[in-house]
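Novice: Mind having a look at this structure? Questions to follow.
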Amino acid sequence: MHTMNNVINEKRDLTPNKKIGVMDIFMISLIRVKELAETSVKSASKFVNYVVFISLFVALIVFGVPTASKIFSFGGFYKLFTSTMPQFEMGEDKKLVSDKRFEMNISNVTIIMDTSIDTFVFGDFEEEGLYVAIGAGKTKMIQLYDVNDDSSYNEIYNYPNEVLFNKGFNNQTLVSMIPLFYVMLFVSFCIVATYFAAKYLVLAVIFAIVSRSLTNISKLPMTFRDSFRMCFYSQTISIILVNVNASVGYFVGPLIMSIIGIIITTVIIHMAMGPHMPDIDDILDKFHDDDNSNNSSDKK
């Protein structure tokens with residue numbers, strides 16, 4: 001009877017006193033984590049909006065701000081193509097010609113143009129990373145994990161410049177394509193946001209499965225969907241920390257930071273469920289009720 005009264009009281013507490021918005025969920029996820037379990041039950045209608053919010057927020061941290069700051073540091077695309085970049089042109093011999101070497105970093109991708117080299121190969125790079133390497137004859141995207149190990153050299157794509165650029169392609173051609181570049185950046189931003197949404201939704205499912213033993217004995221009536229929402233909200237702090245760390249160039253190693261993020265999320269899930277865990281008296285009452293029901297069955 002004591003346990004039943006607790007459940008009834010919990011259900012009464014779930015009666016929404018006010019509407020919970022996305023920013024309410026965000027603040028609860030940051031500074032009032034003990035309310036997350038109850039919030040996950042109350043805020044079912046806002047969950048999709050919160051996923052979109054977090055995905056766009058993280059994409060802005062990781063992709064939007066670094067890319068925009070780099071572009072505007074050059075004075076925008078127009079100045080980049082007309083002043084910062086060297087003068088180049090696709091010649092009649094189907095070779096790209098430039099008056100000097102050019103190198104630029106955008107969102108962890110290094111763009112190199114050096115037409116004194118026909119095509120870039122292993123040994124032309126001084127650091128590990130992801131490169132778009134433009135030579136006189138070929139353009140490649142290259143992933144290099146170790147400058148001392150040629151087995152870590154991977155060409156993601158390799159195209160002759162005559163396939164990519166028409167004869168006469170030059171700086172002014174890029175200027176005319178500026179609107180297209182902005183569209184491409186927006187599409188890239190949306191793709192990055194979608195990737196983060198999928199990633200953290202999958203992680204929320206895993207956390208919900210692992211923490212099911214807690215929600216099953218909770219005094220707060222929770223379905224698996226409620227648990228799933230709570231686990232997504234519980235990742236908020238670790239999502240911000242992990243991705244800010246990535247945006248500043250991995251001040252802490254990515255593996256270590258990922259482990260820290262998992263630990264933080266696990267702790268927050270336990271803190272969120274803490275106020276709804278049954279007391280020892282409730283547990284003993286449950287065992288006593290189970291024993292009585294078993295004895296009654298034996299007598300029958």
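Novice: Regarding F102, is this residue touching a helix residue (DSSP H, G or I) at 6+ places or on another chain (Cβ under 7 Å) and either more than 30 Å from V244 (Cα to Cα) or open to solvent by less than 60 Å² (accessible area, probe 1.4 Å) (or both)? Don't jump to the end; show me each part of the working.
Specialist: On the way: touching a helix residue (DSSP H, G or I) at 6+ places or on another chain (Cβ under 7 Å): no; either more than 30 Å from V244 (Cα to Cα) or open to solvent by less than 60 Å² (accessible area, probe 1.4 Å) (or both): yes.
Taking the combined requirement at face value, the residue does not satisfy it.
Novice: For region 71-114: of the residues being polar (S, T, N, Q) and not in a strand (DSSP E or B), which is farthest from the chain's Cα centre (by Cα)? Break it down stepwise before answering.
Specialist: Taking region 71-114 as the starting set, the residues that turn out to be polar (S, T, N, Q) are 73, 82-84, 87, 98, 105, 107-108, 110.
Remaining after also requiring not in a strand (DSSP E or B): 73, 82-84, 87, 107-108.
On the way: S73: 25, T82: 34, S83: 35, T84: 32, Q87: 37, S107: 14, N108: 15 Å.
Of everything passing the filter in region 71-114, Q87 is farthest from the chain's Cα centre (by Cα).
Residue-wise test of (1) of a type outside the set (S, T, Y); (2) open to solvent by less than 60 Å² (accessible area, probe 1.4 Å).
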{"site": "Y159", "(1), (2)": "no, no"}
{"site": "G168", "(1), (2)": "yes, yes"}
{"site": "S218", "(1), (2)": "no, yes"}
{"site": "A246", "(1), (2)": "yes, yes"}
{"site": "A272", "(1), (2)": "yes, yes"}
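Novice: So which residues in region 106-125 are among the acidic types (D, E) and open to solvent by 60 Å² or more (accessible area, probe 1.4 Å), if there are any at all?
Specialist: D118, the sole residue that qualifies.
Novice: Another one. Under the condition of being free of Cβ contacts under 8 Å to residues at least 24 places away in the same chain and out of contact with any Ser or Thr (no Cβ under 7 Å at 6 or more places or on another chain), which residue from region 142-151 is surrounded by the most Cβ atoms within 10 Å (Cβ to Cβ)? Full working, then the answer.
Specialist: Here is the first cut: in region 142-151, the residues free of Cβ contacts under 8 Å to residues at least 24 places away in the same chain are 142-149, 151.
If we keep only those that are out of contact with any Ser or Thr (no Cβ under 7 Å at 6 or more places or on another chain) too, we end up with 142-143, 147-149, 151.
Values: I142: 22, Q143: 13, V147: 15, N148: 6, D149: 11, S151: 8.
Going through the qualifying residues, I end up with I142.
The values are calculated or read from the model by the stated rules, or taken from the named source; none is laboratory data. Keep in mind that what you see is a predicted model, and the values were worked out from it rather than measured. Methodologically, a virtual Cβ is constructed for each residue, glycine included, from the backbone with ideal geometry; neighbour enumeration extends over all protein chains shown. For the accessible areas, the whole protein counts, side chains as well, though only heavy atoms, and no ligand, DNA or RNA atoms are used. Shrake-Rupley method; radii C 1.70, N 1.55, O 1.52, S 1.80 Å.
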